[in-house]
1. Of the residues Arg266, Arg213, Arg220, Arg209, which single one is touching a Ser or Thr at 6+ places or on another chain (Cβ under 6 Å) and open to solvent by 60 Å² or more (accessible area, probe 1.4 Å)?
2. Quick one: which of Ile237, Ile232 is more than 24 Å from the chain's Cα centre (by Cα), at pLDDT below 90 and open to solvent by less than 30 Å² (accessible area, probe 1.4 Å)?
3. What number of residues within the stretch 118-135 are within 30 Å of Met22 (Cα to Cα) and not in a loop (DSSP other than H, G, I, E, B)?
4. Being among the hydroxyl-bearing types (Ser, Thr, Tyr), out of contact with any Cys (no Cβ under 6 Å at 6 or more places or on another chain) and at pLDDT 95 or above is true for just one of Ser259, Ser287. Which residue is that?
5. For residues in the stretch 280-294 being open to solvent by 40 Å² or more (accessible area, probe 1.4 Å) and within 27 Å of the chain's Cα centre (by Cα), which is nearest to Ala257 (Cα to Cα)?
6. Could you go through the stretch 422-439 and let me know if any residue there is of a type in the set (Lys, Arg), out of contact with any helix residue (DSSP H, G or I) (no Cβ under 8 Å at 6 or more places or on another chain), open to solvent by 70 Å² or more (accessible area, probe 1.4 Å) and part of a loop (DSSP other than H, G, I, E, B).
7. Please count how many residues of the stretch 318-348 are free of Cβ contacts under 8 Å to residues at least 40 places away in the same chain, open to solvent by 40 Å² or more (accessible area, probe 1.4 Å) and more than 16 Å from Val432 (Cβ to Cβ).
8. Mind checking whether some residue in the stretch 19-27 is in contact with a Phe, Trp or Tyr (Cβ under 8 Å, 6 or more places away or on another chain) and surrounded by 14 or more Cβ atoms within 10 Å (Cβ to Cβ)?
Amino acid sequence: YRSGVPDSVVIRNTPFRYRDTMNYDLGLYVQDSWTYRRLTLNGGLRFEKLKAENSALDSPAGRFVPARSFPQVPNLPNWTDIAPRFGAAYDLFGTGKTALKFSLNRYNDARTTGIAAQYNPLAQATARLTWKDLNGDDVAQGELGCVYLAPNCEINFGQLPANFGTRSLRTYDPETARPYNVMANIGVQHQVLRNLSVTAAVVDNRFYRLPIRDNILRTRADYTPVTIYSPIDGAPITVYNLAPAKVTQVQEVDTTATSARKQVFRGYEFTMNSRLPGGATIFGGTSIDRNLTVTCDEPDNPNLDRFCDQRETAVPFRAQFKLAGSYPLPWFGIQIGGTFQSYPGAVIGTTTQLSGTTWLITPTTRYAANCTGGCTPGALVFPTLSEASLTVPLRPYGTEVLDRLNQLDLRGSKVFQLGRYKLEGQLEFFNVLNSDASLAVRGTNYGTAAFQQVATAVQGRIVRVGAQMKW
């Protein structure tokens, strides 16, 4: 619904019955370590094989799909890879108190039958289509093959991909390589005092062979640029409207992207661990990190170019902090402890959604200077959108976050000896500060009632009383 008026529906390819089969997932690992004076080296090599398939199955006809039958599709995927591991530790001063550590490891993308499920045409599929409630009964009427806007045909099946539910809308490129990431970690660990050690480290994680999806039935030439205006500040934004003849042309091929597609994580960590006199312990630390992606190599849809390079959109580093400790009170036999955690808020992104002939952003400064055929000179221009909807980001992803979560939890316990029985009483206080930080919002579509409306918040202060009996 848009402003309370029926706007679009999501249809499904039900009924469906499918099966994905894991042929094998094999890993063989060998490792060794060598020590020379103050230097210790660790090396390892992991050999991995992964193979899955779509099994042959049938599904009956439904409201939006005919009866379907598909043969077995093997090698979804069929990968053979290696993953080397390397680590080193060096006693910097020969005192056993300061260690310089380094590691460089490759991790292959972990999968089971997830890839096979993506390309199984009998798995669940959905499509969003325009809906006009002609008779006002608030029911989306129409079946596959009916003429849009004719009686009892309120769903625009002209927007439905021609092969919806009858074949996979996605094709797996058999040459697709297995994605992997290489993580490097360098740090120093130092014993400051007898019972206090600190660690500082830098973590760099880079991802390779990233996947990309290409609709081979469309090109960038199939899109026409249209200027709209941001409802936030009125700035012009160029979006691209797909040619109507191409709306139903969907045949997506998933393959390996070029090296131009990037994902890079960088983090700085500091931790401490201390054992204090009297049996007290305290440990914790902070991590400051940022994850950047570059996806400016989209082959067919120019709408995905907006904010595609996060290196240029001021995505900030974000910090988290944790501190925990415990202490036994010597006189009463009571153990007390607590944990304080501070996390950055969840990332959100302000968007606007264009739909049909109703554009959420009104281009109040854009008028038709010269028009004929029922158009009044000086009237507002409302371009007709060929697809059911188009989501436009208004701010770069990663630059908007929800409230920071600061949570303090406290705990106390005491053991009572009752003959051969031990009874431990427990008293816990969660969210002592009674934080009401937002964890999620209902919507990011600017100007709608659900925009940044809190969907989930931290649960309020909780007190829990418990006991354990041991014998």
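1. On the way: Arg266 fails: touching a Ser or Thr at 6+ places or on another chain (Cβ under 6 Å); Arg213 fails: touching a Ser or Thr at 6+ places or on another chain (Cβ under 6 Å); Arg220 fails: touching a Ser or Thr at 6+ places or on another chain (Cβ under 6 Å).
After ruling out the rest, the residue left standing is Arg209.
2. Details: Ile232 fails: open to solvent by less than 30 Å² (accessible area, probe 1.4 Å).
Testing whether each residue is more than 24 Å from the chain's Cα centre (by Cα), at pLDDT below 90 and open to solvent by less than 30 Å² (accessible area, probe 1.4 Å) leaves just Ile237.
3. Within the stretch 118-135, the subset within 30 Å of Met22 (Cα to Cα) is 118-127.
Then drop every residue that is not not in a loop (DSSP other than H, G, I, E, B), which leaves 118, 126-127.
Going through the stretch 118-135 one residue at a time, the tally reaches 3.
4. Values: Ser259 fails: at pLDDT 95 or above.
After applying the criteria, what remains is Ser287.
5. Asn291
6. So in the stretch 422-439, the residues of a type in the set (Lys, Arg) come out as 422.
Next, from what is left, pick out any that are out of contact with any helix residue (DSSP H, G or I) (no Cβ under 8 Å at 6 or more places or on another chain): 422.
Of the ones still in play, those that are also open to solvent by 70 Å² or more (accessible area, probe 1.4 Å) are 422.
Those still in the list that are part of a loop (DSSP other than H, G, I, E, B) too: none.
Taking every residue of the stretch 422-439 in turn, none turns out to be of a type in the set (Lys, Arg), out of contact with any helix residue (DSSP H, G or I) (no Cβ under 8 Å at 6 or more places or on another chain), open to solvent by 70 Å² or more (accessible area, probe 1.4 Å) and part of a loop (DSSP other than H, G, I, E, B).
7. In the first step, residues of the stretch 318-348 are kept if they are free of Cβ contacts under 8 Å to residues at least 40 places away in the same chain; the result is 319-322, 329, 331.
Narrowing the set further to residues that are open to solvent by 40 Å² or more (accessible area, probe 1.4 Å) leaves 320-322, 329, 331.
Subsequent filtering for residues that are more than 16 Å from Val432 (Cβ to Cβ) retains 320-321, 329, 331.
So the answer is 4.
8. no
The values are calculated or read from the model by the stated rules, or taken from the named source; none is laboratory data. Just so you know, these numbers come straight off a predicted model, no measurement behind them. No Cβ is skipped: glycine too gets one built from the backbone with ideal geometry, and neighbour counts run over all protein chains shown. In case anyone asks, the SASA skips ligands and DNA or RNA and just uses the protein heavy atoms, side chains included. Shrake-Rupley method; radii C 1.70, N 1.55, O 1.52, S 1.80 Å.
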